[in-house]
1. Mean residue ellipticity at 222 nm from the helices of the chain, using -39,500 (n - 2.57) per DSSP H segment of n ≥ 4 over the full residue count, to the nearest 500 deg cm²/dmol?
2. On the principal axes of its Cα set, how long, how wide and how thick is the stretch 416-455? Give whole Å, largest value first.
3. Local charge sum around Pro411 (other residues, Cβ-Cβ under 14 Å, Lys/Arg +1, Asp/Glu -1)?
4. So what is the relative contact order of the stretch 225-454, in percent, for Cα pairs below 8 Å that sit 6 or more residues apart?
5. With a sphere of radius 12 Å drawn around the Cβ of Gln422, what net charge do the other residues whose Cβ falls strictly inside it have (Lys, Arg +1; Asp, Glu -1)?
6. Under 5 Å between amide H atoms, partner at least 5 residues away or on a different chain: which partners does Ile171 have, H built in plane at 1.01 Å?
7. If we count GluC sites (Glu not before Pro) as exposed when they sit in a DSSP loop and have at most 12 other beta carbons within 10 Å, what is the longest stretch of the chain that avoids them all?
8. Nearest 10 degrees is fine. How inclined is helix 179-192 to the longest principal axis of the chain, computing both from alpha carbons?
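A short reminder: the numbers here are calculations on the coordinates, not readings from a lab. Because the structure is predicted, anything quoted here is derived from the model rather than measured. A quick note on method: Cβ atoms are made from the backbone with ideal geometry, for glycine too, and the neighbour counts reach across all protein chains shown.
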Amino acid sequence: MKITIIGTGYVGLVTGACLAELGNDVFCLDLDENKIALLNSGGIPIHEPGLEEVVARNVAAGRLHFSTDVGASVAHGVLQFIAVGTPPDEDGSADLQYVLAAARNIGRHMTGFKVIVDKSTVPVGTADRVSAAVREEIAASGATASFSVVSNPEFLKEGAAVDDFMRPDRIVLGHDGSAEGLRARDLMKNLYKPFNRNHERTFWMDVRSAEFTKYAANAMLATRISFMNELANLADKVGVDIEAVRHGIGSDPRIGHSFLYAGAGYGGSCFPKDVQALERTACQFDQELLILRAVEAVNDRQKLVLGRKVVASFGEDLAGRHFAVWGLAFKPNTDDMREAPARVLLRELIDRGATVAVYDPVAMAEAKRVLSLDFNAAELARIEFAASSMGALEQADALIIVTEWKAFRSPDFDQIKARLKQAIVFDGRNLFEPEQMAANGIEYHGIGRSVLTRR
Ligand code: UDX
């Protein structure tokens, strides 16, 4: 099939590359000339495992094209995917200006029938606004063209996006039931046929429900994490091991094992933004989502948990102290620093007078960029960007782990002890067993595990 993807950001690029991998002829549009030049020269603007290979393979096969030509992009695909950013507005609601601009471009240039697929995460009612924008442009141009807007939210996890796309657990699709909607449904069914070989993975519903499903999923997952974080903080106080509790409750199939890990708080581009946007939607309909308000507040507090543990050990004034920080990206397998808990920790350590040496296996370049915005020059001078995880430890008063990269899971504990000034580890992702650390002669502070540390 001929497909156009508008926006070569994280979602657009993964979607375009993976649809080409299925044999489709994909045209990716972006207005950012630098990005298109980079893609056309074989580069990839984001770190995403496996993506570079898929892009290279499909470009070579002539199935994947990158361009800034709006007219050509509209002419190319009968399916027009909108996968542009929806950054939060000042009040937390999703900013739809890029989505609506993309819709207008389609309306302005289209001639025949088009299916407009909302891939971006957009609030309930957006498909109606997209339809109105397209209709206005068609009327203005005087063309005779028909279309249907389909909602098809993405459920891609950063760091596992190619795999999530190629092996989806569900494909959510919303159409409006009109004649054009049914025509769109048939085309989308065809597109996703390769995923439905063994069993049906597509769920058809009305457009609004599809739009809502995305927010409901992310809000539910964020809620689980914040709930576990609250339990972990209580576990620390009452002498309970949160990891034992996690196994104990996760084995109940009604609860399940996924997304039950207490830690240093959730970050990234989706959970924080989507929780806020859903709260804003509720507000607009005179409803208050009390649970989500708490989810957000708990997460803001959880990002401070490592700093609080450091202060409990070293005191409020950290002047003259030096700390090693492992893990800067908001989670492993990505270089994304958006809403990363490490940024909150660094702010606290620097404000309290400490110096730090930071290391991340992939996110160093992005960290330099982002931290140079977070901190002024004098503060930045107190942040050393270390060349290796072990290099970051030299003469540090403690090691603080914020992101659970695989490379941090089996370190040489003797080396850690030899390099640190004091053998103290604060572990924001519960990578190690407290007993194992005690046996290694390391003072260990996990999340919700202090009962084992005390023992
Ligand atoms: C999320 C959704 O999972 C995905 O379906 C959606 O399309 C986009 O948002 P992503 O933000 O890439 O994906 O990361 P995810 O793996 O979901 O993790 C989000 C955050 O939660 C990370 O900061 C992670 O460290 C944290 N987390 C996750 C926990 O603290 N505990 C857990 O048990 C799981």
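1. On the way: 19 runs with 208 residues, N = 455.
Rounded to the nearest 500, it is -14000 deg cm²/dmol.
2. 27, 19, 13
3. 0
4. Values: 414 pairs, mean separation 53.5, N = 230.
That works out to 23 percent.
5. Values: positive: Arg321, Lys417, Arg419, Lys421; negative: Asp397, Glu443.
Combined, the nearby Lys, Arg, Asp and Glu give +2.
6. Here Thr202, Phe203 satisfy the definition.
7. The reported range is 317-455.
8. 50
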